[in-house]
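Mind having a look at this structure? Questions to follow.
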Amino acid sequence: MLEWLRRYRRAMLAGDISAGLVVAMMMIPQGMAYALVAGLPPVVGIYASILPPLLYALFGSSMTQSVGPMAIISLMTAAALAPLAASGSGLYLVLAAQLALMSGAVLLVCGLLRIGFLANFFSRPVMSGFTIGSAILIAFAQVRPLVGGQLPQFHLPSALLGVGALLVLLFARNSLGALLRKAGMRAIAADISVRLAPMLVVVAATALSVGLDLQAVGVAVTGAVPAGLPGLNLATSEAHWRSLLQPALLIGFMTFMISMSAAQTLALKRQEKLNSNYELIGLGTANIGSALSGGFPVTGSISRSAVNFAAGANTPLASIITAALLAIALVAPTGWLALLPLPALAATIIVAVLGMLELSTLRTAWRYDRGDALALLATAAGVLVMGVEAGVIIGVVLSMGTLIWRASRPHIAVLGRIAGTEHFRNIDRYPAETRPDMLMLRIDANLFFGNVEAVNQRIEEELRSRPGTRNLVLVMTAVSSIDTSALFALSELNQSLTLHGIGLHLAEVKGPVMDRLTGSDFLHALNGTIFLSAAMAWDGISSAR
């Protein structure tokens, strides 16, 4: 906070105020709706939107990130707590706050230990698959409150109100912006109008429900919303610490991934730099703050942060203003919040999660890398069939498995010289010159225990296909490290080639790799030469024949 406060200028204030107001209007129906997804009373969603953004503003590194309830984290909260307590019960509320506390502690410790880099091991296709699966689960779960019953049964007044609100929101999401821009409204104003549509629809549905007394005919409403700010307390259940540990770890992990995705997208637009470790600390303290105020796990929201950005937010002061306005909304009379019809809130949830069904990643992955596309589909299927936590685990395993599988099968190219030059290229791609007694191989990966067997097999295959080879040159341009297992493999390769009368040479060895090789016995036993470049190896071996 000290960094952005030092740079604060009066000209930034108008943008921060307008963004704070817009996001506050958006947060009232959204926070209440996401609390319902988590199995909590709607007001808890507002509780979780006050203290968390204040704490994130103190420690987070994003200037426009909006922290609060989010659909996927709400779904994960419900999945974690459903086996432990009845939805909406006193114990359930305690466990929700306890889960936020544990998730926040995990994030905070990771930030203090500076291990934010671990987020890099969850690939974008897998993250997209998890998001798609979660969005479908959330939307499906909202069908019942949308129509007031379990299909094919439904409550007609609830269905008319819910489906009507859904159609209006879909129109706003897909067509309203274009119509407003066509009418002459500026693009930013049109986008903000679209983002505020859920608030306007919920208010209109509430007015309609009250005017027609729909509650009397069975339309469900949110119910009494306690006025006043939440009290600070840290109630926990001693018997559930162990049961909540795994969900807390998974939620903490997903909180960081989702938040970083949102923050990085917006930071790139302003050429701002994020610090992943500060993000961990900011999100950790935000979740601890949510726990202290009776909330549930929170994270940065992609859609809400985009609204914050578009509405003119320049600094985290916008989020502080949002939190202050939400606090005022709770201090003021809250009777109107009790009248919000649940079918309209269900419609806002469905439209919100439909925006998460971004299939462009799947299309790109399918064209570019079928392995990534299959990982995306497998993760989405895992969420739908086995549950949210299993989906996260499947995603992590697939991300790491894909990384290991690719690293264990490095690309190796047979090189030849481009005639009349000192350039050497892959003979499968270029008309390059080779020599029958010399085999030049470029290994395009670091050498480690996971790929040395594959490298040895490829070398053996190439030597068998070229029985006249008397000199093998390993071009090490892309090799930045050689671990102990690979060192032993090179030594064994050198011994085997010596027995067959074949010289082993190295070319273009990087400085750090050479430093480590110098400290080993390998260079003393090497039966060939280390050349500065592939061209020098070509000329040197040729002249020595």
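The values are calculated or read from the model by the stated rules, or taken from the named source; none is laboratory data. Every value quoted in this text rests on a predicted model; they were computed, and no experiment measured them. Reconstructed Cβ throughout: ideal geometry from the backbone, glycine too, with neighbour counts over all protein chains shown.
Pull out all pairs, ordered by first then second residue, where Cβ-Cβ is under 8 Å, the residues are six or more apart or on different chains, the first lies in the range 164-177 and is closer than 19 Å to Ala189 by Cα and free of Cβ contacts under 8 Å to residues at least 40 places away in the same chain, and the second is surrounded by fewer than 20 Cβ atoms within 10 Å (Cβ to Cβ) and polar (S, T, N, Q).
The qualifying pairs are Leu176/Ser193; Gly177/Ser193.
Yes/no per residue for (1) free of Cβ contacts under 8 Å to residues at least 60 places away in the same chain; (2) in a helix (DSSP H, G or I):
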| residue | (1), (2) |
| --- | --- |
| Pro343 | no, yes |
| Ala346 | no, yes |
| Ile349 | no, yes |
| Ala352 | no, yes |
| Glu358 | no, no |
| Thr361 | no, yes |
| Trp366 | yes, yes |
| Ala378 | no, yes |
| Leu384 | no, yes |
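Next question. Among the candidates Leu337, Leu374, single out the residue that is buried (at least 19 other Cβ atoms within 10 Å of the Cβ), farther than 19 Å from Asp191 by Cα and either in the same structural domain as Val37 (by TED's automatic domain parsing) or touching a Leu at 6+ places or on another chain (Cβ under 6 Å) (or both). Before the answer, list the steps.
Values: Leu374 fails: buried (at least 19 other Cβ atoms within 10 Å of the Cβ).
Checking each option against the conditions leaves just Leu337.
Can you tell me which condition Pro343 does not meet? The list is (1) under 30 Å from Lys269 (Cα atoms); (2) crowded, with 24+ Cβ neighbours inside 10 Å, and all the others hold.
Status for Pro343: all satisfied but (1).
Taking the range 131-167 only, how many residues are buried (at least 19 other Cβ atoms within 10 Å of the Cβ) and part of a loop (DSSP other than H, G, I, E, B)?
2
For every residue, the table says whether it meets (1) among the aromatic types (Phe, Trp, Tyr); (2) touching an Asp or Glu at 6+ places or on another chain (Cβ under 6 Å); (3) part of a helix (DSSP H, G or I).
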residue	(1), (2), (3)
Val509	no, no, no
Pro512	no, no, yes
Asp515	no, no, yes
Gly528	no, no, no
Ala535	no, yes, yes
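Sticking with this one: Checking Gly294 against (1) surrounded by fewer than 22 Cβ atoms within 10 Å (Cβ to Cβ); (2) on the phi > 0 side of the Ramachandran plot: exactly one of these is not met. Which one?
Of (1) surrounded by fewer than 22 Cβ atoms within 10 Å (Cβ to Cβ); (2) on the phi > 0 side of the Ramachandran plot, only one is false for Gly294: (1).
Residues in the range 28-47: is at least one farther than 30 Å from Ala139 by Cα and surrounded by fewer than 24 Cβ atoms within 10 Å (Cβ to Cβ)? Talk me through it step by step, then tell me what you get.
Quick first cut of the range 28-47, residues farther than 30 Å from Ala139 by Cα only: none.
No, there is no match, as no residue in the range 28-47 is farther than 30 Å from Ala139 by Cα and surrounded by fewer than 24 Cβ atoms within 10 Å (Cβ to Cβ).
Spot the failing condition for Gln215; the list is (1) over 17 Å from the mean Cα position of the chain (by Cα); (2) buried (at least 20 other Cβ atoms within 10 Å of the Cβ), and only one is missed.
Looking at each condition in turn, Gln215 falls short on (2).
Also: Using the structure shown, decide if Gly401 is of a type outside the set (Ser, Thr, Tyr) and surrounded by fewer than 21 Cβ atoms within 10 Å (Cβ to Cβ).
Working: of a type outside the set (Ser, Thr, Tyr): yes; surrounded by fewer than 21 Cβ atoms within 10 Å (Cβ to Cβ): yes.
Yes.
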